[in-house]
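FYI, it's all coordinate maths here, none of it is from the lab. From a predicted model like this one, the values you see are computed outputs, not experimental measurements. A quick note on method: Cβ atoms are made from the backbone with ideal geometry, for glycine too, and the neighbour counts reach across all protein chains shown.
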Amino acid sequence: MSDPITKTRLSNGLTLLLKEIHTAPLISSWMWYRVGSRDEVPPRTGISHWTEHMQFKGTRQFPAAVLDKSISRDGGTWNAFTYLDWTTYYETMPADKIELALRLEADRMVNSLFEEKEVESERTVVISEREGNENEPLFRLGEAIQHAAFRVHSYHHEIIGDLADLRSMTRSDLYHHYRTFYVPNNAILTLAGDFETQNMLKRIEQMHASIPSGPTPPRLKRDEPPAPGEIRLSVEGPGETTYMQIAYHFPAAAHPDFYSLTVLDSLLAGPSNLNMFGGGGISNKTSRLYRALVDREFAVSLSGGASVTLDPYLYTFSLTLHPKRKPEEVLNALDAEIQRVQNELVSPEEVARAIKQARAMFAYGSENITNQAFWLGYAEMFATYDWFLTYLDRLAAVTPGDIQKAAQAYFQPRNRVVGIYLPVGEAGA
Amino acid sequence: MMTGRRSSNSPAHGSLPGPEDIHRQVLPNGITVLGRSNFNSPSVVLSGYLTTGSLFDPVEKLGLADFASSALMRGTQKHTFDGLYAELEAVGASLGFDAGMHTTGFHGRALVEDLPLVLGLLSETMCQPVFPETEVEKLRSQLLTGLSIRNQDTSDMADLTFDEIFFRDHPYARPEDGHPETIKAIHRSDLAEYHRRCFGPRGMVIVIVGAVEPQQAVTAVQGVLGDWSNPDQAQDPGLPDFKPLTGTVRRHAPIPGKSQTDLVIGSAGPRRTDADYLAASLGNSVLGQFGLMGRVGDVVREKSGLAYYAYSSISAGIGPGAWTVSAGVNPANVDKAADLIIRELDKFVKDGVTREELADSQANFIGRLPLSLESNSGIAGALINIERYHLGLDYYQRYAGLVKAVSPEDVLQVARKFIDPNRLAIATAGV
């Protein structure tokens, strides 16, 4: 996975990563800001996500009504995402139209208007988004688990924020958040596609170099103390289906144990797809937990995965229980499989399989220029692009002994939150 | 077998697929094979469909085609369920089937060196499934749980309810995944019988895109599927005439405990092969897609703040279509949102679109083509599209001209032809 990229920094602190790809006449551009829900405390939960929404509400140069049509008119596609640790805005355009995207991102880094009436209109939109999420049992269960797992660290609330704060936050709150975190020295611009690097660097410099840097935004850092013991919780709601999520505290993505745990994840629950684009992962039907839980009808489906984060977060198994099974017996069956991998070395063949699966998934993701541009910035949010470049090699170095140690260290009941969604028929809205 | 050599027919940089680089061949047993190479990628996609689907479901066994298509991967004459997936997952490959109304699709992906493996498994699962009893029962439990989840999902239930009230006696009113009572009524023998009767090479299409020479792909398909025959393969049962609505109908699917209600409002829409399809597609773009969900998104989300999503779509398939607007709103705002949407539909059929609005959408349709054709999956989808609807191998090369030829008058005409604001189906699901 060695691809030549250019990494540099403007005098105002904006970091740039560029990668030429000439397979299609497209360019994908991503502007990343180091701000996410972990930078929020009540009563401002959800502020980073709402700020992201406000970035689509216009500047003087690109009024809201103009802004959303300009990209589409040029045949581009665009979107934005707010995560725990970062917020990103991307455009993928025909190569000869990328100028618009670059001008847009430079402009809205500093000139978003945050008009009062737009703030109010967007308040109800974000609340509507939250209400849509609340329709999903797994959102409600996940929120409860996240809250229980993080008593201290600001990972403890959902990215969308709490309703109480969505109702009370003001334009002044949002604008202050924007001005604090949206500065070039807190941002990374990544581009992949059909351009010539030196030429593109000149264009970017023309558009971005004059944006003044700002004080380095403070990043909240409250380390979560070791879990005091296993936490169990239940959430009740409508429906007929019981769900269970078991979340273990996991290291940050840049931690050396992450690779052993990634291989372990593949063995236990099937390989996780780290690509944002590039379509679909691989099935998990020969994974240990599928065979133990789904084949033997404790569950009708199972998934597992870690999140790629700056600070230690969670690895979560998600199960849809078989209607004939009780949560306790499903948990016992899962625990038996975890104990197996803690007590016995896995085979080198299983490890080799996991590596091949990861290699295949990266190959699939490489077809997509938007995905390639995504990786340039994504890796820098919690590590550096080298993390992406060395990922497969680091995975290939994992041994059965490493996996056993990782299983023993991290998959302990005292280190987890067990959450059950119990269907109770009609429930209050 | 297949990798590495680029021929003179390889696509030029950034070129749109066309007759000079799409290879199409019909095998003696009726399978149509299409191939296009992409040596920029180390992987390969194989995708396609068989000409059987939910249309063949008996009413009392709705969901049969869907059940059977999932059951294909549950064991064959050569491999158990676990064995099939062991082969695939060992190399990071994937393969699956998915039944629709008229066709059953399949999609597989692998690193190019594993194409023979995936082709071989495709052939086995399609031609020699054995539907083991224990696996069928496990799958049934999974499908029934899926239906329980569906019945609690406001978006799924709004769509389902819309189909019921809009299509009424027409087969399109029936859900492809059936109902709990119909899934319980399906026996293992029904699956086997359905497969025996309805699966065969006639009408089958398979597309292979990736780091492989198209001619070699055809040879490979011939090798694993060329001998497949089913002289008794059932004919498509055809569709009855569709009777339009005579007035507005509403139905609400109550689902307690939900914070958001889903709303679907719709009218008739074009078939994919209708001459006015592109005019409808462009009109739909203006109505509820372009930018942040078009006019509908502007009115319901941007100006009124009522919804996170509000958009329009046209189904545009083989049979009668529907033109719908969908939104997710707080239960207290359903009527308000419905009124806003119906007013937009009124405006749309009264005044159509402006020249500028149409030009914006035309530019979008043409400009975004390279992005949709960037990956193997994107190209495979495009080739299936041109084959399914007989659009011609040069369709994407003619596409820009076809799009530019649509006028505002064409859009107004097609809007009036299909949408009647006094004869709408309005479906909601939620509290």
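Provide the convex hull volume over Cα atoms per residue for segment A:1-122, in Å³.
Convex hull volume per residue, Cα atoms: 131 Å³.
In whole Å, what three semi-axes, largest first, describe the equivalent ellipsoid of segment B:51-124 built from its Cα gyration tensor (square root of 5 times each eigenvalue)?
26, 13, 9
With no solvent and one equal point scatterer per Cα, compute the Debye intensity ratio I(q)/I(0) for segment B:14-137 at 0.12, 0.14, 0.21 Å⁻¹ and report its log10, rounded to two decimals.
-0.53, -0.70, -1.27
Within segment B:347-427, report the trypsin sites (Lys or Arg not before Pro) that DSSP leaves as loop and that have at most 15 other Cβ atoms within 10 Å.
B:Arg423
Ignore the peptide's own chain and count Cβ atoms of other chains within 10 Å of each Cβ in B:129-140; give me the average, rounded.
Average per residue, whole number: 1.
What FRET efficiency do you get for B:Gln25 and B:Gln235 if R0 is 22 Å and r is their Cβ-Cβ distance, rounded to the nearest 0.05?
Calculated value: 0.35.
With a Förster radius of 60 Å, plug the Cβ-Cβ distance of A:Lys7 and A:Arg151 into 1/(1 + (r/R0)^6) and report the FRET value to the nearest 0.05.
0.95
In Å and whole numbers, how far do the C-alpha atoms of segment B:282-382 stretch along each principal axis, longest first?
Dimensions of segment B:282-382 along the principal axes of its Cα atoms: 45, 30, 30 Å.
Which residues does the label zone of B:Ala173 cover in segment B:409-431, counting backbone N under 17 Å from a point 7 Å along Cα→Cβ?
B:424-428
Taking only Cα atoms, what is the 0 to 90° angle, nearest 10, from helix A:98-110's long axis to the longest principal axis of chain A?
90
Can you sort A:Ile420, A:Ile5 so the residue with the fewest Cβ neighbours within 10 Å comes first?
So the ranking, lowest neighbour count to highest, is A:Ile5, A:Ile420.
When the scattering of the protein assembly as shown is computed by the Debye formula from its Cα atoms alone, each counted once and equally, what is log10 I(q)/I(0) at q = 0.05, 0.09 Å⁻¹?
Treating every Cα as an identical point scatterer, log10 I(q)/I(0) equals -0.27, -1.01.
Once R0 is set to 56 Å, what does the formula 1/(1 + (r/R0)^6) return for the Cβ-Cβ distance between B:Phe242 and A:Ser234, expressed as a FRET efficiency to the nearest 0.05?
E between B:Phe242 and A:Ser234, to the nearest 0.05, is 0.70.
Among the listed pairs A:Lys326/B:Lys138; A:Lys117/B:Lys258; A:Lys69/B:Lys417, which have their C-alpha atoms separated by more than 22 angstrom in this model?
Long pairs (Cα-Cα over 22 Å): A:Lys117/B:Lys258; A:Lys69/B:Lys417.
Kirkwood hydrodynamic radius for segment A:198-246: how many Å is it when counted over pairs of different Cα atoms?
17.7
Need one word for segment A:308-429: rounded, prolate or oblate. Basis is the Cα gyration tensor (sqrt eigenvalues a ≥ b ≥ c); a/c below 1.5 gives rounded, then a/b vs b/c decides.
Because a/c hits 1.5 or more and a/b fails to exceed b/c, segment A:308-429 counts as oblate.
Please list, in order, the residues from segment A:378-404 whose amide nitrogen is less than 15 Å from a point placed 7 Å along the Cα→Cβ vector of A:Ala352.
Residues A:396-400 fall inside that zone.
For segment A:95-211, state what percent of all Cα-Cα pairs lands in each successive 5 Å bin, counting from 0 Å until the bin that includes the largest distance.
2, 8, 14, 14, 13, 14, 13, 11, 7, 3, 0
Please rank A:Thr390, A:Thr124, A:Thr87, fewest neighbouring Cβ atoms within 10 Å first, as an exposure proxy.
By the 10 Å Cβ count, ascending, the order reads A:Thr390, A:Thr124, A:Thr87.
Once you compute Rg and the Kirkwood Rh from C-alpha atoms, what is the Rg to Rh ratio for chain B?
We get a ratio of 0.98 for chain B.
Taking K and R as +1 and D and E as -1, what net charge do the other residues with C-beta under 12 Å from the C-beta of B:Asp262 add up to?
Neighbourhood net charge equals -3.
For B:Lys336, go through the aspartates and glutamates and keep the ones whose alpha-carbon is under 15 Å away, minus same-chain ones fewer than eight residues off.
Cross-link targets: B:Asp262, B:Asp298, B:Glu302, B:Glu344.
Please rank A:Thr59, A:Thr51, B:Thr161, fewest neighbouring Cβ atoms within 10 Å first, as an exposure proxy.
Lowest count first: A:Thr59, B:Thr161, A:Thr51.
Using only Cα atoms, tell me the angle between helix A:116-134 and the longest principal axis of chain A; keep it within 0 to 90° and round to the nearest 10.
For A:116-134 against chain A, the angle is about 20 degrees.
Under 22 Å Cα to Cα from A:Lys7, which lysines show up? Leave out anything in the same chain fewer than 8 places away.
Cross-link targets: A:Lys19, A:Lys202.
Nearest 10 degrees is fine. How inclined is helix A:327-343 to the longest principal axis of chain A, computing both from alpha carbons?
90
Based on the inverse mean of 1/r over its pairs of different Cα atoms, what is the Kirkwood hydrodynamic radius of segment A:122-274, in Å?
20.2
How large is the translational diffusion coefficient of chain A in µm² per second when you combine the Kirkwood radius over alpha carbon pairs with Stokes-Einstein at 37 °C and 0.692 mPa s?
Rounded to a whole number, D works out at 142 µm²/s.
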